Amino acid sequence: MFAQTATLAQVPPVALMPTETKFLLVGPVDTAAERDDLTALGFDLAEELLMPVTVATSMHGHDVTEFEAVLIYGDVTKAVTAAVIWAEALEAGVPTYDVDDRLNLCAVCNRNQHLGTPDEDGDVVCVLCEGGGFDCAWCGEDDDRPEPYYEAGTWFVFCPPCLEGHRVAGKI
């Protein structure tokens, strides 16, 4: 595949709106099981990256230029939706990154990592251990206990107080 695997830098927090998410995840979506698997992977990546991840279950309704990067799971030549979005990303100059189907563990905290570049010792370090912080998608406050929440095809990352506040208020 032509995508690159790299450690992604932190970007500023976003409001709770799918059009402002930072990463678009594409992969096989031909069957219900594949869509469920891709959605579950979106949860893992949102938790890993501490940033919102939109899961593309169709090739419609996604403008790749609105995303920081396109995350590619699986072989794009075998999944029409992924191939179309990947080609659009390449044409628009949006970075694309392979999502590893095998998990690496953070060398510091043992969190699962699908993305990451091993250092000179072969160790992968997660965003938090690299010194990146977590900013809640709603309040913007720093918190080290993120909780992904799925809405309208996107996994958002909230701090526990905001997630609970939204639940109590009936917003989620």
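The values are calculated or read from the model by the stated rules, or taken from the named source; none is laboratory data. Source: prediction; values computed, not measured. As a convention, Cβ positions derive from the backbone with ideal geometry for all residues, glycine included, and neighbour counts pool all protein chains shown.
Summary table
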{"item": "Flag if V124 is modelled with pLDDT of 70 or more, farther than 24 Å from A56 by Cα and of a type in the set (V, I, T)", "result": "yes"}
{"item": "V168 modelled with pLDDT under 70, β-branched (V, I, T) and buried (at least 18 other Cβ atoms within 10 Å of the Cβ)", "result": "no"}
{"item": "Total residues in region 67-85, condition buried (at least 17 other Cβ atoms within 10 Å of the Cβ), assigned to a helix (DSSP H, G or I) and either touching a Ser or Thr at 6+ places or on another chain (Cβ under 6 Å) or of a type in the set (S, T, N, Q) (or both)", "result": "1"}
{"item": "Any hit, region 23-44, residues being at pLDDT below 90 and among the polar types (S, T, N, Q)", "result": "no"}
{"item": "Residue tally, condition touching a Pro at 6+ places or on another chain (Cβ under 9 Å), buried (at least 21 other Cβ atoms within 10 Å of the Cβ) and not small (G, A, S), over region 46-66", "result": "5"}
